[in-house]
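Read the figures in this text as sums done on the coordinates, not as results from a lab. Predicted model only: the values in this text are computed from it and were never measured. All Cβ positions, glycine included, derive from the backbone under ideal geometry; neighbour counts span all protein chains shown.
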Amino acid sequence: MPPTAHEDPQPNLTDAQREAFRQNESDFAELEKQTLSVREAASTRLRDADWDPGGNSGNSPCFLCWCADYLGDGGLCEREFCRHQLTRHG
Ligand SMILES: [Zn+2]
Ligand SMILES: [Zn+2]
């Protein structure tokens, strides 16, 4: 049985390592915020251009092309004309 994350022994972190983890956490939180605002802006831009990016339909339409729903589970959309990342889909 592989150990679960819960069972991982806590290493003795140096102050520098703790600080690095702390800063990473705050940087990733910032990235998350930026991603959200970029996605919101992308969605608004499409609506302004009379293109309905969906959202409430349960689909995950692409922000970068006319793909109406993300296809596949590999991180890249499997539609021939799309091939954009899941994160580029709504
Ligand atoms: Zn797609
Ligand atoms: Zn696409």
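Using Cβ contacts closer than 10 Å as the measure, can you line up Ser43, Ser57 from fewest to most?
Arranged by neighbour count, lowest to highest, Ser43, Ser57 become Ser57, Ser43.
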Tilt, helix 15-48 to longest principal axis of the chain (alpha-carbon atoms), in degrees rounded to tens, equals 10 degrees
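Net charge around Phe21, counting only other residues with Cβ within less than 13 Å of its Cβ (Lys, Arg = +1; Asp, Glu = -1)?
Around Phe21, the charge tally is -2.
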For the pair Gln34 and Arg47, the simple spin-label estimate (label points 7 Å beyond Cα toward Cβ) gives in nm 2.5 nm
With x for Gly and Pro, the residue-by-residue ³J(HN,Hα) of segment 58-65, computed from phi through the Karplus equation 6.51 cos²θ - 1.76 cosθ + 1.60 at θ = phi - 60° and given in whole Hz, is x, 7, 10, x, 7, 7, 9, 7
Note, Leu64: beta-carbon cut-off 11 Å, +1 each Lys/Arg, -1 each Asp/Glu, net +2
For His89, the net charge from surrounding residues (Cβ-Cβ under 13 Å; K, R +1; D, E -1) works out to +1
Subtracting the Cα-Cα distance of Arg18 and Leu86 from 0.36 nm times their residue separation yields 21.3 nm
Among the Cα-Cα pairs of the chain, the proportion with separation greater than 20 Å, in percent, is 56 percent
Assertion target for Leu64, Leu71, ordered by fewest C-beta neighbours within 10 angstrom first, is Leu64, Leu71
For the chain, listing GluC sites (Glu not before Pro) in a DSSP loop whose Cβ sees at most 13 other Cβ atoms within 10 Å gives Glu78, Glu80
In deg cm²/dmol, rounded to the nearest 500, the helical mean residue ellipticity at 222 nm of the chain, built from -39500 (n - 2.57) for every DSSP H run of length 4 or more, is -14000 deg cm²/dmol
Sorted by chain and then number, the residues having a modelled amide H within less than 5 Å of the amide H of Gln85, at least 5 places away or on another chain, are Cys77
